[in-house]
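No lab work stands behind these numbers, since they all come straight from the coordinates. Computed from a prediction, not measured in an experiment: that's the story for all the values here. We place every Cβ from the backbone using ideal geometry, glycine too, and count neighbours over all the protein chains shown.
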Amino acid sequence: MCGIVGYVGHRDVVPILLEGLTRLEYRGYDSAGVAVVDRGGSVGIRRAAGKLVNLKTELADDPLAGAYGIGHTRWATHGKPTTENAHPHQDAAGRIALVHNGIIENFLELRSGLEERGVEFVSETDTEVIVHLVSSYYEGDLAAAVRRTLDDLEGIYAIVVASADEPDKLVTARQGPPIVVGLGENENFIASDVPPVMGYTRDVVFLDDGQLAVVTPDEVTIQDGAGNAVEAVAQRVTWDPVTAEKGGFKHFMLKEIHEQPTAIRDSLIGRVNRHTGQIDLGELNLDEDLANSMSELLLLGCGTSWHAALVGKYWIEKLAGVPVKVDHASEFRYRDPLVADGAVACAITQSGETADTLAATREAKDRGAKLWTICNVVGSMATRISDGVLLTQAGPEIGVASTKAFTTQLTCLYLIALKLAELRGRLSREAIELRLHNLARLPGQIEGIVAQADKIDEVARRVQHFKQFLFIGRGLLYPIALEGALKLKEISYIHAHGYPAGEMKHGPIALIDDGVPIVALAPQSDLYEKTASNMQEAKARDGFILAVATEGDENLADFSDELLSIPDCLPEFAPLLASVPLQLLSYYVAVRLGCDVDQPRNLAKSVTVE
Ligand code: AGP
């Protein structure tokens, strides 16, 4: 949650901080602030509640200039999103400023200890204790004071600290949320994620948990948790910075929906050869021994990533015959789970930094499982704690609502299912080739669905006034019903519920009347007739039916009020195709309702706290 930036170098710092915060606003957007140390050695702070634009206005009215500084965009955990609670926070003397991403669990205890020593607090945040502790330990060495402070903290944090008494120096540390240090020429950058530094440098160092870095214009020195020097290992980021911009689209979400054909192609390139049926998932470290000795696969994720896991279960059990358990990461970590000998646990996470998913996979590892990660962010924590990694190659996903990350997660899960099936001798070479051939058609088919955007917008116009929706599907389409409902509620704030179509008559059918539209996922499959019956039951109760069906299906048109079509495909691939019209439907409903599509209320892109 929260985005943090820092800069030390030869340029005017404020524009760099603001630009960086703009690129991180997806991480939190209920207040923002900057602290800058000027050449005279005094700290200037500007903060504003609400979106970043308010801080920009504040700075236009009351400018700051300086040589080094820090910035923050907040997703509130402790204390309301007010200016007083906005970061940076300062010590009583106004000499030290600090930004923080995370939660300090023992802050009440620390706060009373400080108050007993006469420290006065001016905010409700947990963060403020950190800056007062640094100040209390400061004896002319900022890094040493920060190191001592970290020993007192329980919880998770990424922090950046500046002191007016140690010019041209920033100290940063992490335990949980990410810190990226961008390496420039006579300048260096700190950020929560790669986009803010990409305009200046492609060489970055990802700090590890427990590490602390001292960053000056010419040097980055890193210490481990015990204070020992650690070599800074730089990685080169290969993303195209333009992919992190809106590129002419009104919203990132719309752009990212359109990018799905490319993202899926990129996730397949170098991994499959549809002419020879070869599948190469090298980085996953999956060989014949593991495929045949694996007792079960545990798929762990949150939100959309959990929905991807549900689809993965159908594929992997059917094609490869490996038992799959799917868990909400937030439940798994606390329920004393049974992990069989020979289990593999796989985290599914776009960001690679979701706190619940990281904790769940660590729990699985502690219980003896081998760890895999399907992840979109190179160098993220999830990729670093895993024995095998499959990168989704979606490129940066900025919109809070996950779209291309989801369909590339599905693509990777399907590849794992096929590879396991091959290694376990469950599918012939011809059967694999047939599937790879059809997989390669998906990007083109998705382009065809995206081209129906105007028609979907028109359907959105018709349904935007409804106050609640039911999404139904069976088999592989049930998780897509869940995902469709999640997309609609998170960006349009309309209540939506996903349900297995066959369960309707066990309760939810009581909801149906002419005020409750049913979005029914009914492309051709062996469950088609059954879903069609469920739709007719809903129609008989005056429900408004919006069907997602295979192109040319005349049958469903008879009892559907609206029909969106997806191309004919192997039924196995319907989840990938059916997701796309639902993403567009949610998008257009939200736009029509005037919602903030890319930054919906109360949410943040990366949930680095529990
Ligand atoms: C969905 O649109 C959300 N962005 C959310 O459910 C997300 O999938 C979840 O928070 C997990 O994030 P992760 O994939 O980065 O771990």
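Worth pointing out:
- For the stretch 247-450, share of DSSP beta bridges that run antiparallel, in % to the nearest 5: 10 percent
- Shape category assigned to the stretch 317-412 from the gyration tensor of Cα positions, a/c cut at 1.5: prolate
- Overall, the anisotropy analysis places the stretch 150-189 in the oblate class: the square-rooted eigenvalues a ≥ b ≥ c of its C-alpha gyration tensor yield a/c not less than 1.5, with a/b not exceeding b/c.
- Judged by the ratio a/c of the largest to the smallest principal axis of the C-alpha gyration tensor, the stretch 436-490 counts as oblate, that ratio being 1.5 or greater while a/b is no larger than b/c.
- Taking the stretch 3-243 and dividing mean pair separation by its residue count, relative contact order in percent (alpha carbons under 8 Å, at least six apart): 19 percent
- Dipole in debye (nearest 20) - the chain, about Cα centre, beta carbon charges: Lys, Arg +1; Asp, Glu -1: 1140 debye
- Couplings 3J(HN,Hα) of the stretch 266-283, computed from phi: 5, 6, 9, 4, x, 10, 10, 10, 6, 7, 9, x, 6, 10, 10, 10, x, 5 Hz, in residue order, whole Hz [Karplus 6.51 cos²θ - 1.76 cosθ + 1.60, θ = phi - 60°; x for Gly and Pro].
- The separation of the stretch 335-376 from the stretch 121-193, counted between C-alpha centres, amounts to 30 Å.
- Aspartates and glutamates whose Cα lies under 19 Å from that of residue 246, excluding same-chain neighbours fewer than 8 positions away: 19, 25, 193, 256, 259, 397, 447, 596, 598
- For the stretch 540-577 and the stretch 397-456, distance of Cα centres in Å: 20 Å
- Bridge orientation summary for the chain: considering DSSP beta bridges with both residues in this region, about 60 percent are antiparallel.
- Take every pair of alpha-carbon atoms less than 8 Å apart whose residues are at least six positions apart; their mean separation over the length of the stretch 453-592 yields a relative contact order of 31 percent.
- For the stretch 424-487, with +1 on Lys and Arg beta carbons and -1 on Asp and Glu, the positive-most of 456, 443, 428 along the dipole: 428
- Dipole in debye (nearest 20) - the stretch 453-592, about Cα centre, beta carbon charges: Lys, Arg +1; Asp, Glu -1: 560 debye
- Other-chain or far-sequence residues with amide H under 5 Å of residue 325's (modelled H): 297, 298, 299
- Per-residue HN-Hα couplings for the stretch 508-519 [Karplus 6.51, -1.76, 1.60; θ = phi - 60°; Hz; x = Gly/Pro]: x, 4, 4, 6, 6, 8, 6, x, 10, x, 10, 8
- Taking the longest Cα principal axis of the chain as reference, the axis of helix 52-61 is set at about 30 degrees.
- Projecting the Cα atoms of 347, 64, 322 onto the charge dipole of the chain (Cβ charges, centred on the Cα centre) puts 322 farthest toward the positive pole.
- When +1 charges are put on Lys and Arg Cβ atoms and -1 charges on Asp and Glu Cβ atoms, the dipole computed for the stretch 249-382 relative to its Cα centre reaches about 380 debye.
- Within the same chain, aspartates and glutamates fewer than 8 places from residue 365 are excluded, and of the rest, those with a Cα less than 12 Å from its Cα are 341, 387.
- For the stretch 453-592, the fraction of C-alpha pairs more than 26 angstrom apart is 11%.
- Remark on the chain: hydrodynamic radius 25.4 angstrom, per the Kirkwood mean of 1/r across alpha carbon pairs.
- Furthest towards positive pole of dipole, 531, 157, 589, structure part the chain, Cβ charges: 531
- Entries of 80/169; 404/539; 487/605; 255/404; 325/404; 404/530 with Cα pairs more than 21 Å apart: 80/169; 404/539; 325/404; 404/530
- Mean-position separation - Cα centroids, the stretch 205-219 and the stretch 15-54, in angstrom: 21 Å
- For the stretch 3-243, taking the reciprocal of the average inverse distance between every pair of different Cα atoms yields a Kirkwood hydrodynamic radius of 17.4 Å.
- Estimated FRET transfer efficiency (residue 533, residue 285; beta-carbon r; R0 45 Å; 0.05): 0.50
- Taking every DSSP helix (H) stretch of at least 4 residues in the chain, weighting each as -39,500 (n - 2.57) and dividing the sum by the residue count yields a mean residue ellipticity at 222 nm of -10500 deg cm²/dmol.
- For residue 493, no residue whose modelled amide H falls within less than 5 Å of its own remains once neighbours fewer than 5 places apart on the same chain are excluded.
- Rounded to the nearest 10 degrees, the angle from helix 404-423 to the longest Cα principal axis of the chain is 60 degrees.
- Crossing angle, helix 528-539 versus the chain [Cα axis fit, 0-90 degrees, rounded to tens]: 80 degrees
- For the chain, the relative contact order works out to 12 percent when only alpha carbon pairs closer than 8 Å and six or more residues apart are counted.
- Distant-in-sequence amide H partners of residue 373 (H built 1.01 Å from N, under 5 Å): 347, 388, 389, 390
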